[in-house]
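The values are calculated or read from the model by the stated rules, or taken from the named source; none is laboratory data. The structure presented is a predicted model; accordingly, all values stated were derived computationally and were not measured. So basically every Cβ, Gly included, is an ideal-geometry build from the backbone, and we count neighbours across all protein chains shown. With ligands, DNA and RNA removed, areas are computed over all heavy atoms of the protein, side chains included. Shrake-Rupley method; radii C 1.70, N 1.55, O 1.52, S 1.80 Å.
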Amino acid sequence: VVCWGAGTMGQLGSTFAAYSRVPVPVVGLTDVAAISGGYGHNCALRQTGTVVCWGWNDYGQLGNGTTSSSYTPVSVHGLANVTSISAGPTHTCAVLQDKSVRCWGTDMYGELGDGAQTTYRTTPAVAFGVSGVEQVIAGYFHTCVLLTDKGVRCWGNNTAGMLGTGSSAPYSLSPVTPYQLTGVKRLTANFTSDCAVLES
């Protein structure tokens, strides 16, 4: 893995640098299967099915049990058999081989999916109410998953309608279904909106 750009939060994954105009290697990563970037942190899925993260960690988004930022990769606590990851601005999620989901970091709107509403969690929490998950996306204080039946479920912040239900409720602690959204192939999220590619 190589990274470039801003590095003030450690997101370059090497020694401290305010920024780099050229790609620089991330320390110790040579077996990476996938990578995902948040606001001030990045996470990598290793070929072993484990996950490491580095950078900004004020809300526990590195998942290593602390709120200390790290300029080099640290292992996400107790996480194994991971098939995909998604780093949002201040929280991170992973899909496991059993098609379940784990999330960590901010939880102010219930975006971790554990049925709670706390400030943050520094280690992975189980997202309840969803199974058969193919893909997870972590957005701005909200999370969505693509299921094996090509349906979608979302939870967390809804202040800009990111859950897609048509509701004006500011958040949801449990998974909800976006309005008439079926036959989905792929999802993506940014800060305050989500998009889907349909089978059609």
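Return the residues of segment 14-43 that are assigned to a loop (DSSP other than H, G, I, E, B) and either farther than 22 Å from R102 by Cβ or more than 21 Å from the chain's Cα centre (by Cα) (or both); say none if nothing qualifies. If the condition is that a residue be assigned to a loop (DSSP other than H, G, I, E, B) and either farther than 22 Å from R102 by Cβ or more than 21 Å from the chain's Cα centre (by Cα) (or both), then S14, T15, F16, A17, A18, V26, V27, G28, T30 are the ones that fit. Residues that are farther than 22 Å from N81 by Cα, surrounded by 17 or more Cβ atoms within 10 Å (Cβ to Cβ) and among the aliphatic types (A, V, I, L, M) within segment 1-10 comprise just one, M9. Comparison of G164, G115, G129 shows that the only residue that is in contact with a Ser or Thr (Cβ under 9 Å, 6 or more places away or on another chain) and closer than 30 Å to Q47 by Cα is G129. Against the test of being open to solvent by 10 Å² or more (accessible area, probe 1.4 Å), within 27 Å of Q47 (Cα to Cα) and in contact with a Phe, Trp or Tyr (Cβ under 8 Å, 6 or more places away or on another chain), the options P89, P175 yield a single qualifying residue, P89. Taking first residues from segment 11-22 that are in contact (Cβ under 8 Å) with a residue 60 or more places away in the chain and open to solvent by less than 90 Å² (accessible area, probe 1.4 Å) and partners that are of a type in the set (A, V, I, L, M, F, W, C) and part of a strand (DSSP E or B), the Cβ contacts under 6 Å between residues at least 6 apart in sequence or on separate chains come to G13/C3; G13/W54. Please specify each residue of segment 178-192 satisfying the condition of being at pLDDT 95 or above, within 16 Å of Y140 (Cα to Cα) and open to solvent by less than 60 Å² (accessible area, probe 1.4 Å). Across segment 178-192, the qualifying residue is only L187. Looking across segment 98-107, just one residue is farther than 16 Å from C144 by Cβ and open to solvent by 20 Å² or more (accessible area, probe 1.4 Å), and that is D98. Residues that are touching a Lys or Arg at 6+ places or on another chain (Cβ under 8 Å) and buried (at least 23 other Cβ atoms within 10 Å of the Cβ) within segment 23-57 comprise just one, V52. Within segment 108-142, if we keep just the residues that are under 16 Å from V82 (Cβ atoms), without any contact (Cβ under 8 Å) to a residue 60 or more places away in the chain and assigned to a strand (DSSP E or B), the residue that is most open to solvent (accessible area, probe 1.4 Å) turns out to be E134.
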